[in-house]
Amino acid sequence: MKFIIQRDRLVQSVQDVMKAVTSRTTIPILTGIKIAATSEGVTLTGSDSDISIESFIPKEDAGHEIVEIKQSGAIVLQAKFFSEIVKKLPTDSVEIEVLGSLQTVIRSGKSEFNLNGLDAEEYPHLPQIEENNKFHIATDLLKAMIRQTHFAVSTSETRPILTGVNWKIENDELICIATDSHRLALRKAKIETDNHENYNVVIPGKSLNELNKIIDDTNEPIDIVITENQILFKAKHLLFFSRLLEGNYPDTSRLIPNESKTAVTVNTKEFLHAIDRASLLAREGRNNVVKFSIIEGGSIEISSNTPEVGKVVEEIQSQSIEGEDLKISFSAKYMMDALKALEGTDINVSFTGAMRPFVIRPLHDETILQLILPVRTY
Amino acid sequence: MEKTWDQLEELQPTVLKMLKNSLLKNRVAHAYLFEGMRGTGKKEVGLLLTKALFCESLIEGYKPCETCNNCRRIQSGNHPDVHIVEPDGLSIKVDQIRSLQTEFSKKGVESLKKVYLISHADKMSVSASNSLLKFLEEPNPGTVAFLLTEQLQQLLPTILSRCQILTFKPLAPKVMMKQLVENGVAPVKAPLLAQLTNNLDEALKLNVDEWFAQAQKIVVKLYEVLKKNPLEAMVMLQSDWFSHFKEKEQIHRGLDLLLLIFKDLLYIQLDKQEQMVFIEEDERLRQFALQTSGRRISDQMSAILEAKRKLQANMNPQLMMEQLVLKLQEGSSFV
């Protein structure tokens, strides 16, 4: 393998793939970055076996030559050293050449590095993309969907399946569901598919978090391919692979109540700030619990009482209240997480009793839903 | 060292036959426990079966080809769906098992099969074994576990009952000796090496090891000092023994050698000279054998075994050796 490449493009790509490389791995080859040169360009791959990131540097971009391929081939180089080396090279072009027996020479200006590489054949094989099985979604929509669901995944390993976000694709609609068994976040969106297939997979929450960081906030479409073991996101020159979780996601459709006994509409910001203030004292207490009660005159009272610290009461005016009066307690943290994830200036909260889960939806928007279980208080 | 199916079949015919049949009939168990002495090829067989599960072009339906990409990556420890857990320091920690569990809550990287291999499974801490237990109980489809151990009794009975146990037979010392001599080991040294290990490669390595040669001399010297001038034994420990046997493993080896001397004395008394291992010291040992009784030798041997056990339980090595030397001194038993 031998090629000459623009340094800034190489540095950018190395930084992207480095996000997937960890030093804590039991598989020695994963401490490296795979570099493969073909006649079309150079591909860099980094992986920690949970997520893998592939960055492609084309031979030419907008008429400028970026890479000059002299000989194709592949090598795996120690990520720790390679990333530092390319960052500090003196000139704008870098020559990388693999001699026999995996010896790699990196030349730039008058400096020359010799690195011992590893055999690229040993690197994990990533699934091949089958062009007919993909679907598209706008990048900013995808990012919003991740943001609105992934905070609700469970952090405890007792039920590993709940540490992931359930993605269901049915009738050209993508449904994302995350729950930690105390709250649930659901988001739907229309997607464009080529072959109208149904899928039901669970993606680790951590992977989605990483993906959210790495993709740009544009409205260009991103391609998604689901294979047996992995899910693949394909942006321009960047491929993001994530492993899926093993097992079946619990059926959440029955958890969401259909009817409601009390429905309240409030301004999102006012409500969020009131909860935030009430939680200041609640945080000192055990469960971060605030009390929500409907008082006369179409108002809501948010209160919290921690005997050893003090108490707080706040009244907010609601836009409409329908149905029975109600007193309910819930975790302020869950409520704030849910409110922050919702879009829209006004929200609709529908309750079905003090001991039953309640649903929060933005007004006139059926695509997003947050569900919270109340806390039993006396 | 890489060993092929045929080579291992010579060493462990029963085990390999069972594995061959379960591969051919597609009835591979979800968890295997390989039990056998050091050097009986447990890990090699574990890796071999792993290769057979992943290999792309099996020979005769069960032998891994050793040349395909998967086989080579398993051999070099780079296959992403094969996880090998080794003791971290003295024991296998609960965190190691936990990370294994999180790993297995996900689907495989490349295939639907996953394999984990825990060597020295007896060194799992109690919390680690309990954590593993949950995991062994409800295996995901396509998961195969290999537990390797030298001491079957130290594992929890609940773990044993969940594994298919395969016993690896040690190589008969005579066969081993013959193989060693064929590989160019001096016939006088072969019996000793055959007693210490069951692994041909390890024995050959020991044969040329400078440290081991020196260790033999020191052990024989210790015995002589004990015999001739017991009061000097403590001094000898300080001057020679501790500077040479530093690591726990090394002390174990030293005690093994010491045990073999007493075994030789017993063989001489029983008139079974052909089973002796310290052939080079034959003459001197004969002299000593005349001066002691079978009863005494067996007491001394049990003292050494006791010392080995204490060392395993993290006794201070210096105190342990001093106590042992006092116990071995004949005639007085004040400790």
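Seen against the Cα atoms of chain A and their longest principal axis, helix A:79-88 is set at about 80 degrees. Taking the accessible area of the protein assembly as shown, probe 1.4 Å, and keeping the other protein chains in place, the carbon and sulfur fraction comes to 49%.
What fraction of the Cα pairs in the stretch B:209-334, stated in percent, has a spacing above 25 angstrom? Walk me through the numbers on the way to the answer.
On the way: 1466 of 7875 pairs.
Value for the stretch B:209-334 (Cα pairs over 25 Å): 19 percent.
Taking the helices alone, chain B has a mean residue ellipticity at 222 nm of -16000 deg cm²/dmol, built from -39,500 (n - 2.57) per DSSP H run of at least 4 residues and averaged over all its residues.
Can you tell me the order of B:261-270, B:94-103, B:40-49 when each peptide is scored by its average per-residue count of other Cβ atoms within 10 angstrom, highest first? Mind showing how you got there, number by number?
On the way: B:261-270: 19.4, B:94-103: 17.3, B:40-49: 22.7.
Per-residue Cβ counts within 10 Å, averaged per peptide and sorted highest first, yield B:40-49, B:261-270, B:94-103.
Karplus-based coupling profile of the stretch A:113-129, in residue order and whole Hz: 10, 10, 10, 7, x, 10, 5, 5, 4, 7, 5, x, 8, 8, x, 7, 7, with θ = phi - 60° in 6.51 cos²θ - 1.76 cosθ + 1.60 and x standing for Gly or Pro. With heavy atoms of protein chains only and a 1.4 Å probe, what residues of the stretch A:115-136 have at least 50 Å² less accessible area in the full set of chains than alone? So the qualifying set is A:Glu122, A:His125.
Rolled with a 1.4 Å probe across the full set of protein chains, the surface gives B:Tyr116 an accessible area near 10 Å². Taking only the Cα atoms of the stretch A:2-122, the radius of gyration and Dmax are 13.4, 43 Å.
In this structure the stretch A:2-122 gives 47 Å² per residue of accessible area when probed at 1.4 Å with all protein chains present.
Computed over protein heavy atoms with a 1.4 Å probe, the accessible surface of the stretch A:131-253 works out to 42 Å² per residue. Shown for the stretch B:74-119: residues covered by the partner protein chains by 30 Å² or more of accessible area relative to the chain by itself (probe radius 1.4 Å), namely B:Asn78, B:Pro80, B:Thr102, B:Glu103, B:Ser105, B:Lys106, B:Lys107, B:Val109, B:Glu110, B:Leu112. Each 20 Å bin from 0 upward holds the following percent of the Cα-Cα pairs of the protein assembly as shown: 14, 33, 31, 17, 5, 0.
Taken per residue, the accessible surface of chain B reaches 49 Å², heavy atoms only and a 1.4 Å probe.
Sort the following peptides by mean Cβ neighbour count (other Cβ atoms within 10 Å, averaged over residues), highest first: B:137-144, A:252-259. Before the final figure, lay out each step's value.
Numbers: B:137-144: 14.4, A:252-259: 11.5.
Output ranking for B:137-144, A:252-259: B:137-144, A:252-259.
Report the accessible surface area buried between chains A and B, summing both sides, using a 1.4 Å probe on protein heavy atoms only, in Å² rounded to the nearest 100. Before the final figure, lay out each step's value.
Values: alone 19210 and 17290 Å², together 34430 Å².
Counting both chains, the buried surface is close to 2100 Å².
Given axes a ≥ b ≥ c from the Cα gyration tensor, I'd like to know whether the stretch A:185-317 is rounded (a/c under 1.5), prolate (a/b larger than b/c) or oblate. Because a/c hits 1.5 or more and a/b exceeds b/c, the stretch A:185-317 counts as prolate.
Between B:Ala313 and A:Glu308, what is the FRET efficiency for a Förster distance of 56 Å, r being their Cβ-Cβ separation, to the nearest 0.05?
Details: r = 49 Å, r/R0 = 0.88.
That gives a FRET efficiency of 0.70.
Of A:Tyr199, A:Tyr123, the residue with the largest accessible area leads and the full order is A:Tyr199, A:Tyr123 (1.4 Å probe). Excluding residues fewer than 8 places away in the same chain, name every one of the aspartates and glutamates whose C-alpha is closer than 13 Å to that of A:Lys340. The qualifying aspartates and glutamates are A:Glu270, A:Asp276. Look at the stretch A:223-229: the mean tally of other chain Cβ atoms within 10 Å of its residues' Cβ atoms is 2. Counting only alpha carbon atoms, the long axis of helix B:42-54 and the longest principal axis of chain B meet at about 10°.
Which percent, nearest 5, of DSSP beta bridges in the protein assembly as shown are antiparallel? Write out the running numbers ahead of the final one.
Numbers: 122 of 142 bridges.
If I count the DSSP bridges inside the protein assembly as shown, around 85 percent turn out antiparallel.
Per-residue Karplus couplings for the stretch B:80-86, computed as 6.51 cos²θ - 1.76 cosθ + 1.60 with θ equal to phi - 60°, are listed in order as x, 9, 10, 10, 10, 10, 10 Hz, Gly and Pro entered as x. Across the stretch B:116-132, coupling constants 3J(HN,Hα) worked out from phi with the 6.51/-1.76/1.60 Karplus curve, θ = phi - 60°, read 10, 10, 10, 8, 6, 4, 5, 8, 5, 5, 4, 5, 5, 5, 5, 5, 5 Hz, and Gly and Pro carry x. For the stretch A:238-279, heavy-atom accessible area (probe 1.4 Å) falls by no less than 50 Å² from the chain alone to the full protein assembly at A:Arg243, A:Glu246.
Taking Cα centre as origin and charging only the Cβ of basic (Lys, Arg, +1) and acidic (Asp, Glu, -1) residues, the dipole magnitude of chain A rounds to 1200 debye.
For a test of the definition: using alpha carbon positions, the gyration tensor, and the 1.5 limit on a/c, classify the stretch A:182-229 as rounded, prolate or oblate. Don't skip to the answer; put the middle values down first.
Details: a/c = 1.42, a/b = 1.09, b/c = 1.30.
In terms of gyration-tensor shape, rounded.
Helix A:139-149: angle to the longest alpha-carbon principal axis of chain A, degrees 0 to 90, nearest 10? That works out to roughly 50 degrees. So which lysines pass the test for B:Lys107, namely a Cα distance under 17 Å, with those fewer than 8 places away in the same chain ruled out? Within the straight-line cut-off, B:Lys107 pairs with A:Lys206.
What does the charge count near B:Leu160 come to, summing +1 for each Lys or Arg and -1 for each Asp or Glu among other residues with Cβ under 15 Å from its Cβ?
Working: positive: B:Arg162; negative: B:Glu35, B:Asp122, B:Glu137, B:Glu150.
With Lys, Arg at +1 and Asp, Glu at -1, the net is -3.
The values are calculated or read from the model by the stated rules, or taken from the named source; none is laboratory data. The model shown is predicted, which means the values in this text are computed figures rather than measured ones. Please note: Cβ atoms are built from the backbone with ideal geometry, for glycine as well, and neighbour counts cover all protein chains shown. Just the protein is used for accessible areas: all its heavy atoms, side chains included, with ligands, DNA and RNA removed. Shrake-Rupley method; radii C 1.70, N 1.55, O 1.52, S 1.80 Å.
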